[in-house]
Each structure stands twice: as C-alpha cells, then as structure tokens.
Amino acid sequence: MPLILGLESSCDETAAALVTSEREVRAQRIARQEEAHRPYGGVVPEIAARAHVEMLGPLVEGVLADAGIALGQVDAVAATAGPGLIGGVMVGLVTGKALALAANKPLIAVNHLEGHALSPRLTDPDLDFPYLLLLVSGGHCQLLLVKGVGDYRRLATTIDDAAGEAFDKTAKLLGLGFPGGPAVEQAAAKGDAKAVSLPRPLLGSPEPHFSFAGLKSAVARAARDHRPEDLAASFQQAVVDCLIDRTHRAIHAVEASALVVAGGVAANQAVRGALEALAAEHSMRFVAPPLWLCTDNAAMIAWAGAERFAAGLTDPLDVPARPRWPLDPDAEKVRGAGVKA
Ligand code: KG4
Ligand code: ZN
C-alpha cells in the first residue's frame, strides 16, 4: 500500500503528513505562523519563507517518528509546487526534491488547489468523479467541475477579491484581529444578520463569476454606525448569499451528482449549512471535509500525491515552482482573476 510524504508551505502554514493510498493519515504535524504575522494584520511573505525554512525539517522528522518509519520507507514525496507565495513554495519544493533524491523515490509536484480540490475524497471514499466543487480559500474563489485527477473545468472565478480575502479584510476593518475568517464567524454569532443592509455583488447575474470588493467597501462605509457583531453577521450573510446564488447557477449548468466545498472558508458553519440545504433542494449529495482538512494542511497534499501516484503522474527533479498555476489551463482570463497567489 503506497505511503506518501506530503509537504505544504505555500502560505502561512508549514506542514508535513504521511498518508496511504488507502486513506489512512499515518501522521501529520502543522506549524501555524499566526503569531508571527499578527502584528502586521496579514501574512508577510518574507517572514513566512523564513519560518518555513526553520520549521519544515523538524516537522518531517516529527511525522516520520510519529509513524515509526524511516524516510526510505515512503513510496513518493509530494510537495506543493504552487500557486502561492513564491518564497514559501520554493522552500517546500526544494525540500521535497532533496528528500525524494535522498530516498531515491519519485517526486510529485502538487498544485495546492488540487490539494484542496481532492481533499474531500480523503475522508469520503464514496465521492466519485465528476463533482461540482466550490473552492473557497484566502486566495481563490472558484467553481470547478472536477472530472478526474488533473482534469478540471473552471466554471467561475472571482473578478476581484477571494471569499477568504473578503473575510480577512472585513475582520481587519472591524478590528476583529487576524486570521479574519474565524474571528468574523465568532463575532457574527453574536450579531444580527439583518441589522445592516449590504450589497450582494453579481447576485442573479447571467455571468458565472463572483465579486466581493464592493461588499467590503460597503462594510467600510457602514462601520461607523453599527456594532461590529451586527456588521460581521450581515457581512457573513451577504457572502453566503453570493456563494449560494453563484453555486446554484452552476448546478444548473453542469451534470454532477455531488456538491462539494473545500478550502479555508469551507470551515465556516454558515457557508456549510447553506450549501448543504442547496444540495438537498437539488437532490445532490453534499460533501464537506472535516474542519482540519479545510484550512491549509499537508494531509491534502499527500493525498493529492497519492491520487497522482496511482495515476502514474510523477515529476522530474527540475520541476519549477509556480507562483501562479491555474487548475484549468484552458479557462478564459477574467478581469482581476488569477492575479493573487
Ligand atoms: O485554504 P486556506 O487555509 O489558505 C489558502 O489557500 O488561502 O484558506 C484561508 C482562508 C483565510 O482567508 C481565512 O480567513 C479563511 O480561509 N477562513 C475562514 C474560516 N476559517 C478560515 N473564513 C470564514 N470562516 C471561517 N471559519
Ligand atoms: Zn489553501
């Protein structure tokens, strides 16, 4: 049974994990850098890259020790090769190359987005291709038809901010701290979602895409006159409404029997609940990974590695790090989209 070592370092989480092709997470360790970035209210790429350099080696030793195995016993090394902050991606990829070389095992360069996209299959063996995926993270907001490993059709993307980015900026604006998503969700629980009237950009639009920048600006304008809790709740509801409207449109545009959500924003209970209801209304299965698998982690990278390994997809040791790397290379360019890591 193939055993894959996975490495993740594309943003502000450094992580290593050992996952088998039989969906067993043998070990995983994760080092969060929240404290280091908190004074700046956002991720500082240089600080992140240095922290990855310091943390990744010990984390790899740690997971090997946890699982009680030697490096030579892994069958392949999977590392995030993009998209993301280039300094961090290079640290992880170069470490993966060195480990693959030392163990004389194949390297698998994993697209971080494919890690998120396939993550629901790690914990749900019954989730078959094709499925409709809402991928909502700090850097991305996309609807994808997941047709198979390495086979994605992008149906929609954001024309400005990603959903998680909107959460993070709103949290900063409301003084709720960093990281923003969980802080907004907590504050929203104590607020009234109907208290502040906020826009729902592109709601009902015949275009498939998302937009969140106008929503963020509206929160900024309303900030003086309302309680942060009410603003957080109203903002969260507006995001949920936009995500549901756009996903609903996609449901009618493709054939898929399951609706799947992945990425950091998938940890949000209001988002999960609304998507679950939408899926039920359309007699679709709804699959959301457990919370620990939503935000960045290495188990999803190891799992994507296991899926690629099973498909015979390995990479040469000179494979480049890619700060930008679309899952669907044929997707047409959309204004503002794909600019962010
Ligand atoms: O997938 P992820 O960990 O990193 C990226 O690949 O971007 O996603 C991080 C994003 C951040 O913007 C964070 O604020 C958001 O996910 N997030 C949440 C929640 N937990 C994390 N957003 C809303 N509600 C949450 N509970
Ligand atoms: Zn991510």
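The values are calculated or read from the model by the stated rules, or taken from the named source; none is laboratory data. Just so it is clear, the model here is predicted, and its values are computed rather than measured. Every residue, glycine among them, receives a Cβ derived from its backbone with ideal geometry; neighbour counts consider all protein chains shown. Accessible surface areas use protein heavy atoms only, side chains included; no ligands, DNA or RNA. Shrake-Rupley method; radii C 1.70, N 1.55, O 1.52, S 1.80 Å.
Straight-line reach from Lys194: which lysines have a Cα under 25 Å away, not including same-chain ones fewer than 8 places off?
Leaving aside lysines fewer than 8 places away in the same chain, those within reach of Lys194 are Lys169, Lys172, Lys216.
Using every alpha carbon pair in the stretch 142-226, what percent of pairs falls into each 5 Å bin from 0 up to the bin containing the largest distance?
3, 13, 18, 22, 17, 12, 8, 4, 2, 0
To the nearest 20 Debye, how big is the dipole of the stretch 209-253 about its Cα centre, given +1 on the beta carbon of each Lys and Arg and -1 on that of each Asp and Glu? Spell out each step's value before the answer.
Values: 6 positive and 5 negative charges, 34 e Å.
The calculated dipole for the stretch 209-253 is roughly 160 debye.
Calculate the FRET efficiency for Leu317 and Ala36 from the Cβ-Cβ distance with a Förster distance of 30 Å, rounded to the nearest 0.05. Walk me through the intermediate numbers first.
Numbers: r = 31 Å, r/R0 = 1.03.
The calculated FRET efficiency here is 0.45.
How much of the DSSP bridge set in the chain is antiparallel, in percent, rounded to the nearest 5? Walk me through the numbers before you get to the answer.
Working: 25 of 42 bridges.
In the chain, approximately 60 percent of DSSP beta bridges are antiparallel ones.
Taking the Cβ of Val60 as the centre, find all other residues whose Cβ is under 12 Å away and add up their charges (Lys, Arg: +1; Asp, Glu: -1).
Value of the local net charge: -2.
If you place +1 on the Cβ of every Lys and Arg, -1 on the Cβ of every Asp and Glu, and leave all else neutral, what size is the dipole of the stretch 68-165 about its Cα centre, to the nearest 20 Debye? Walk me through the numbers on the way to the answer.
Numbers: 6 positive and 9 negative charges, 69 e Å.
Dipole of the stretch 68-165, to the nearest 20 debye: 340 debye.
Less than 11 Å Cβ to Cβ from Glu307, Lys/Arg counted +1 and Asp/Glu -1: what total charge do the surrounding residues give?
On the way: positive: Arg23, Arg121, Arg308; negative: Glu114.
Every neighbour counted, the sum reads +2.
Please compute the net charge surrounding Arg154, taking Lys and Arg as +1 and Asp and Glu as -1 over other residues with Cβ under 10 Å from its Cβ.
Working: positive: Arg153; negative: Asp328, Asp330, Glu332.
After counting each charged neighbour, the total is -2.
At a probe radius of 1.4 Å, what is the per-residue accessible area of Cys242, in Å² to the nearest 10?
Only protein atoms counted, so the area is about 0 Å².
Once you charge only the Cβ atoms, +1 for Lys and Arg and -1 for Asp and Glu, what is the size of the charge dipole of the chain about its Cα centre, to the nearest 20 debye? All intermediate terms of the calculation are to be shown ahead of the outcome.
Numbers: 31 positive and 39 negative charges, 129 e Å.
Its charge dipole is roughly 620 debye.
Just round it to a whole percent: the fraction of Cα-Cα distances in the stretch 128-288 exceeding 20 Å. Walk me through the numbers before you get to the answer.
On the way: 5905 of 12880 pairs.
So the portion of pairs separated by more than 20 Å is 46 percent.
Of Pro208, Leu64, Pro326, whose Cα points farthest to the positive end of the dipole of the chain (charges on the beta-carbon: +1 Lys, Arg; -1 Asp, Glu; origin at the Cα centre)?
Comparing the listed Cα positions along the dipole, Pro208 ranks first.
Please work out the C-alpha center-to-center distance from the stretch 72-138 to the stretch 249-273 and express it in whole Å.
The distance from the Cα centre of the stretch 72-138 to that of the stretch 249-273 comes to 21 Å.
What residue among Asn104, Asn297, Asn268 shows peak mean-square fluctuation when the chain is described by a Gaussian network model with Cα springs under 10 Å?
Asn104
Any idea what % of Cα-Cα pairs in the stretch 1-41 are farther than 13 Å? The partial results should precede the final answer.
Values: 476 of 820 pairs.
Every Cα pair in the stretch 1-41 considered, those over 13 Å come to 58 percent.
With only alpha-carbon atoms counted, please give the Rg and Dmax of the chain, in Å.
Every Cα atom of the chain included, Rg and Dmax give 19.5, 62 Å.
Per 10 Å bin, what is the whole-percent P(r) computed from every C-alpha pair distance within the stretch 203-319?
11, 31, 31, 19, 6, 1
Could you please state, rounded to a whole Å, how far the C-alpha centre of the stretch 295-335 is from the C-alpha centre of the stretch 146-216?
Centre-to-centre distance over Cα atoms comes out at 24 Å.
May I ask you to order 26-32, 110-116 by the average number of other C-beta atoms within 10 Å around their residues, highest value first?
Details: 26-32: 19.3, 110-116: 28.1.
Going by the mean number of other Cβ atoms within 10 Å, highest first, we get 110-116, 26-32.
Determine ³J(HN,Hα), in whole Hz, for all residues of the stretch 23-29 in sequence, where each value follows from phi through the Karplus function 6.51 cos²θ - 1.76 cosθ + 1.60 and θ = phi - 60°; x replaces Gly and Pro.
Ordered by residue, 3J(HN,Hα) equals 6, 9, 8, 6, 6, 8, 9 Hz.
Given the rule -39500 (n - 2.57) for each run of at least 4 DSSP H residues, summed and divided by the residues of the chain, what is its mean residue ellipticity at 222 nm, to the nearest 500 deg cm²/dmol? The partial results should precede the final answer.
Details: 11 runs with 140 residues, N = 341.
When only DSSP H runs of four or more count, the value is -13000 deg cm²/dmol.
Looking at the stretch 290-339, which trypsin sites (Lys or Arg not before Pro) are DSSP coil and have at most 15 other C-beta atoms within 10 Å of their C-beta?
Values: sites: Arg308, Arg324, Lys333, Arg335; in loops: Arg324, Lys333, Arg335.
Listed in order of number, the matching sites are Arg324, Lys333, Arg335.
Apply the Kirkwood formula to the stretch 38-195: the hydrodynamic radius equals the inverse of the mean of 1/r over all pairs of different alpha-carbon atoms; give it in Å with one decimal.
Values: mean 1/r = 0.0545 Å⁻¹.
Here the Kirkwood hydrodynamic radius works out to 18.3 Å.
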